[in-house]
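Remarks on the structure that follows.
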C-alpha cells in the first residue's frame, strides 16, 4: 500500500533549489515567516555531496525548518520524514525531524508528540541522516503517533543546541512506508492504526468504529493487548481478535459478520463471559435470530442467570435461538441447592398465594415447594417480600390453613426465571453435561412457545426442565435425551424429575427419558405427547415401580400416542386442585391413550400401567379412550393393566361417560379389560333369567352400565325343544357390585348368545 500510488497523492516537498518561499522558519502555518531572502539561509547549487541543498546558519536556540505545504494524515497510513545533514563550520548542533500537528481547524494539537529522535553532529563534512515516522496508530517504530484528531502536518526539522554553527541540508523526503506495518496481507485493518491504545484503560471505542468504517469488507484485526470499550459497540466488519476486550457488564458488543461463540471467546478471552456477551447481543440486536456456539464447550461453575446477562430486558417476544454447543458443569459449591423453611397460610379461595410468611426474604423464585397437602412439582413463581407472600405455580390440594413449608431452590445451568415473559425462544443441539452437579433449564415466569430441540441432558442433578410459572405455555421438547442422576437407586426411591408443565398446549415428541424418578408432571390442557421412550425400571427383582407420566388436571384434553412406556405407568390425578372434591366442574376426561407400547418385567402382580388417582370425592370418568395399545409383562404376569388409586378417594362408577377401552393387545396380563366388552355366553340349563358376570373385564372396576347388543348364536330353545322367537330384555348394574348383566326371556330357555357390555353410558 502506498498512497502516492493508490490515491495519486504527492507527498514530497519541493527541492530547496526551487526557492525558499515555501520553507518556514516558524511552524509552516499560513502567514509564518519564510527563509526566502533570510540572511542566515542560502541555496548551494552544487554541493559535492548533496548537489543542490540549503545552507543554514543557526541563530536561535531551536532553529526551525518547516515546509508550508499541508501533508495529509490518514488512518492506516504511515509516513517517514527524513533528511541528510552535515556540519560545515562552527558549533555542532543537534538535529531532529520535527512537525506541526494540525486539527481540522488548523489549530495545533499541542499534546501530541511533534519531534523525532535527536542526533548530534560531531564532525565537519560527516553526513548524518535523521528520520521519524508519523501515523495515527501507536505502533512499534512510530515516533509520532497522532491518533485521529490530526488532519495534516507541516514537516521539516529542528536544529537545537548552541548557536553559530553552519549546516547544509539535503532535500527533505516524505514517503509512505505503510507497507512496513502490514502483516504480509492487505485485506486487514488494524485498530491500532486508528488510535487504539490497547492499554486496558483508554477508551478505544472510537478507534474500533473508525477501523470498522475504513475496512470496506476487510477484516478488522485486534492485536495483542487489552482494549477497553466504554459504550455499546457494533462492528459491521469481520473481526479477528489476538488481543481481548474489557467492557462493563451492561455494555454490548455486537459482531455482525462473525456472530458466534468462538469469536466472543476470542474477544473476551473467557468462555463463560464470551457466551454471556453473545447472548446479550442476541437479545439486543434485530439482525440476528440465532447465536451459534459452533460446537464449543463452556465450563460453568454455577448457574447462569440469563436475564441478568441481558440486564435491561425482562420481556422478549421475538424468535431467538441458541444452538450447537455444550455446557459442562464443573464441581463447585455454587450448585448446592438452597433450602429454607417458613410458616405460611393458605386459603383455597386464593389458590395461588401463600401469605403470612415468616421469612419471605429468604425464599427465592423458582423454589420447589413441599409440605403437607402440596402436590408434586409446585414452585414459587415470585415473592412479595414487603407483603410477606408469594405466588405459586400450582394450587395446593390439602394443606392446613397455617403450616410449615419447605422451599428448595435447585440450581440450573441456564436459569431464565428472571424474564417476566420470554416467547419463541429455542435451545437447539445443546449438550448439558451436568454430571449430577446441577439441573438443566429453568423456564421464564411467563411467555410461550419455548422450544428445546435435539438437546442432550446428561445426569441433571435434580431436574431437567422446570417451569415455575406459565413460561411453559406451548412448550416444545423435541428429539431430546435425558439421563438420570439416580438411575442406580430403586425406582420408588428416586427423586429426579425430567420436566413439569403448568400451562397448556405442550408438544413433547420423540424424546428418550432414562431411569428418572418421574418423567413428567403435566397440568393444563391440550397436550400432545408422541413418540417418546420413557423407562424407569431398576435392578430390584419383583420390586415396585413409580409413575412415569403424571397428568394433574382432570379435563386434561390431551393425546398420548405412539409412546414406549417401559417399567413405569401413566398416572392421572387432580393434586393441583385447591378444592379436590368434585363440585360443578369437569371431572377426569378428554384423554386419549392410543397406539402405545407398555412394557414391564419382573415387577409385582399389583402393578398397573394406567392409574387414576382422585384426590377428592365425587369424581368420575367422562371422556377417556384407551385403544390399540400393546400391554406386555415379561418374567411374570400382572393382574391387569388399569386401576384406581384410592388413597384419597374412589371414582363414582355411576357417572362414567364416554369411556372406550378396546382393540388393545395383552401379553402376560392375567385379566384383560375392555369396554365395550363382547362376550360369548352359553346357558346350558333352562332359565328365564340368564346372569352374566362381566365384572372382571370392566375397566377401572366400573359398573355394567350399558348393553349395546345381544346376538344369538344358533337357536334358543325352551324345555320342550321349541325355538324361542322373542328377544330378551336386559337388566344392567345387577349383582352385589353392580357389575352383572341379566338377560330376561319370556320363558325358561337355554342357548348361546354374544353380549356387548359397556362400563359407561352414552353421552
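The values are calculated or read from the model by the stated rules, or taken from the named source; none is laboratory data. Just so it is clear, the structure is predicted and the values come from calculations on it, not from any experiment. All Cβ positions, even for glycine, are placed from backbone atoms using ideal geometry, and neighbour counts span all protein chains on display.
Look at residue 119 and say whether it is in the same structural domain as residue 22 (by TED's automatic domain parsing), outside any loop (DSSP other than H, G, I, E, B) and surrounded by fewer than 19 Cβ atoms within 10 Å (Cβ to Cβ). For residue 119, the condition - in the same structural domain as residue 22 (by TED's automatic domain parsing), outside any loop (DSSP other than H, G, I, E, B) and surrounded by fewer than 19 Cβ atoms within 10 Å (Cβ to Cβ) - is met.
Being closer than 25 Å to residue 319 by Cβ, in contact (Cβ under 8 Å) with a residue 60 or more places away in the chain and in contact with a strand residue (DSSP E or B) (Cβ under 9 Å, 6 or more places away or on another chain) holds for only one residue in 282, 261, 255, and it is 261.
Go over the candidates 32, 25, 39 one by one and state the one that is surrounded by 16 or more Cβ atoms within 10 Å (Cβ to Cβ) and without any contact (Cβ under 8 Å) to a residue 60 or more places away in the chain.
Checking each option against the conditions leaves just 25.
Regarding residue 614, is this residue in the same structural domain as residue 753 (by TED's automatic domain parsing), surrounded by 19 or more Cβ atoms within 10 Å (Cβ to Cβ), at pLDDT 95 or above and closer than 27 Å to residue 552 by Cβ? For residue 614, the condition - in the same structural domain as residue 753 (by TED's automatic domain parsing), surrounded by 19 or more Cβ atoms within 10 Å (Cβ to Cβ), at pLDDT 95 or above and closer than 27 Å to residue 552 by Cβ - is not met. Only one entry of 635, 602, 596 meets the criterion of being at pLDDT below 95, buried (at least 16 other Cβ atoms within 10 Å of the Cβ) and not assigned by TED's automatic domain parsing to the domain that holds residue 352, and that entry is 602.
Where strands (runs of 3 or more DSSP E) fall entirely within the stretch 2-74, those with at least 1 residues that are within 18 Å of residue 168 (Cβ to Cβ) and touching a helix residue (DSSP H, G or I) at 6+ places or on another chain (Cβ under 9 Å) are at 41-47, 51-57. Total residues in the stretch 461-483 satisfying the condition of being buried (at least 24 other Cβ atoms within 10 Å of the Cβ) and more than 19 Å from residue 338 (Cα to Cα): the figure is 7. Going by what's in this entry, would residue 381 be described as farther than 30 Å from residue 455 by Cα, outside the structural domain of residue 572 (by TED's automatic domain parsing) and outside any loop (DSSP other than H, G, I, E, B)? Against the criterion (farther than 30 Å from residue 455 by Cα, outside the structural domain of residue 572 (by TED's automatic domain parsing) and outside any loop (DSSP other than H, G, I, E, B)), residue 381 does not qualify.
For (1) in a strand (DSSP E or B); (2) surrounded by 16 or more Cβ atoms within 10 Å (Cβ to Cβ), each residue gets a yes or a no:
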| site | (1), (2) |
| --- | --- |
| 132 | yes, yes |
| 147 | no, yes |
| 155 | yes, yes |
| 180 | no, no |
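Quick check: anything in the stretch 574-583 surrounded by fewer than 20 Cβ atoms within 10 Å (Cβ to Cβ) and touching a strand residue (DSSP E or B) at 6+ places or on another chain (Cβ under 7 Å)? No: the stretch 574-583 contains no residue that is surrounded by fewer than 20 Cβ atoms within 10 Å (Cβ to Cβ) and touching a strand residue (DSSP E or B) at 6+ places or on another chain (Cβ under 7 Å).
Is it fair to say residue 91 is assigned by TED's automatic domain parsing to the domain that holds residue 175, under 22 Å from residue 117 (Cα atoms) and over 58 Å from the mean Cα position of the chain (by Cα)? Spelling it out, residue 91 is indeed assigned by TED's automatic domain parsing to the domain that holds residue 175, under 22 Å from residue 117 (Cα atoms) and over 58 Å from the mean Cα position of the chain (by Cα). Looking across the stretch 173-229, the residues that are out of contact with any strand residue (DSSP E or B) (no Cβ under 6 Å at 6 or more places or on another chain) and at positive phi come down to 184, 195, 216, 217, 225. Residue-level analysis places residue 208 among those that are surrounded by 16 or more Cβ atoms within 10 Å (Cβ to Cβ), at pLDDT 95 or above, in contact with a helix residue (DSSP H, G or I) (Cβ under 6 Å, 6 or more places away or on another chain) and not in a loop (DSSP other than H, G, I, E, B).
Residues in the stretch 100-108: is at least one more than 59 Å from the chain's Cα centre (by Cα), surrounded by fewer than 22 Cβ atoms within 10 Å (Cβ to Cβ), modelled with pLDDT of 95 or more and assigned by TED's automatic domain parsing to the domain that holds residue 47? Within the stretch 100-108, not a single residue is more than 59 Å from the chain's Cα centre (by Cα), surrounded by fewer than 22 Cβ atoms within 10 Å (Cβ to Cβ), modelled with pLDDT of 95 or more and assigned by TED's automatic domain parsing to the domain that holds residue 47.
In summary, residue 113 fulfils each of the numbered conditions (1) outside any loop (DSSP other than H, G, I, E, B); (2) closer than 28 Å to residue 224 by Cβ; (3) without any contact (Cβ under 8 Å) to a residue 60 or more places away in the chain with the single exception of condition (1).
For the stretch 211-250, which positions are under 15 Å from residue 273 (Cβ atoms) and surrounded by fewer than 18 Cβ atoms within 10 Å (Cβ to Cβ)? Scanning the stretch 211-250 gives 226, 246, 248, 249, 250.
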